[in-house]
Amino acid sequence: MKLGFIGLGHMGTAMAANLLADAHTLTVHNRTPAKAEPHVKKGAKRAETPSAAAGGEAIITMLADDAAVEAAVFGKNGILDALRPGAIHISMSTVSVALAARLAEAHAERGQLYVSAPVFGRPDAAAAGKLFIVAAGPTAAIATCQPLFDVLGQRTFVVSESAPNANVVKLSGNFLIASVIEALGEAFALIDKAGIDRAQYLDLLVSTLFGAPVYKTYGGLIAGERYQPAGFKAELGYKDMSLALDAAQELEVPMPLASLIAERFRTLIEAGGKDFDWSALGLLAKRDSGVATPLKPTNQD
């Protein structure tokens, strides 16, 4: 398939590499051109603008936030004006429900197709082609995209023909992950103060009632205090909790725990942790227990 790919961060770099290895014809674009170079060396074409990447059958965006997606789609030399009728924009970014609805409407007005397909998984899963993909949009468009999803992920969950519903699912899932991270951070802070060995405690957790991957992954990061380099930055965690709360407000669903976790991320960011992995909520819990950490209390200069 002739594809465009926009967004070569930690996740996008691995995803684009997998598509290229699967013999797709790939044109890549990134705001920092140097990040495209490894793909160009392996046969991809570099696009200087988003529109220049949109000449194929489909284009994938994997960008950090709403603003980046809006610029790539609606901005000068954007995707919207370049994508041919019948071609597909596959948005794999974690964006707001409102933006997904706007994208679906804008593409439909141009005779283009739009599929929301956000993913669950960290950069190592992206590199291994083991992401979980949540897809929503027109049935025929998703069927066209499925071979691509099979390269990028281990399973695709088709949740709706209404594209924004995939974003509701993704945001709700990230809320659940963040809830686990906060709970683990508080639990480790408690056992630390009691003098209990972190590795032993983690082994007990994941060997008994808490054997799910989310506990193994984030329990391991918190137990080992491996917060840098970030697989998913704390500032993105705050962004996602804010988007989840926006969706909840629109649907009139109270989410008091999401509000609490958003506040925890905000505190972590204000303390200098915005570039730490979002599992650094565990570091914040440790600091709050009175143990010295790289973070300052928010009331200090």
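The values are calculated or read from the model by the stated rules, or taken from the named source; none is laboratory data. Bear in mind that the values here come from a model prediction, so they are computed numbers and not experimental data. Neighbour counts are summed over all protein chains in view; Cβ atoms, including those assigned to glycine, are modelled from backbone coordinates with ideal geometry.
Data table
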| read-out | value |
| --- | --- |
| Residues satisfying the stated conditions in segment 136-162, i.e. under 26 Å from A17 (Cα atoms) and either among the β-branched types (V, I, T) or outside the structural domain of G12 (by TED's automatic domain parsing) (or both) | I142, T144, V151, T156, V158 |
| All helices (runs of 4 or more DSSP H) inside segment 197-301 with 1 or more residues being over 21 Å from D124 (Cβ atoms) | 198-207, 234-251, 256-268, 281-288 |
| Members of segment 99-120 that are aliphatic (A, V, I, L, M) and either more than 17 Å from the chain's Cα centre (by Cα) or closer than 17 Å to T144 by Cβ (or both) | A101, L103, A104, A106, A108, L113, V115, A117 |
| Residue match in segment 104-121 (condition: crowded, with 21+ Cβ neighbours inside 10 Å, in contact (Cβ under 8 Å) with a residue 12 or more places away in the chain, assigned by TED's automatic domain parsing to the domain that holds A23 and farther than 23 Å from P50 by Cβ) | yes |
| Test: residue in segment 111-122 that is in contact with a Phe, Trp or Tyr (Cβ under 9 Å, 6 or more places away or on another chain), of a type outside the set (A, V, I, L, M) and part of a helix (DSSP H, G or I) | no |
| Index of the failed condition, K35 passing every other in (1) crowded, with 19+ Cβ neighbours inside 10 Å; (2) closer than 26 Å to L236 by Cβ | (1) |
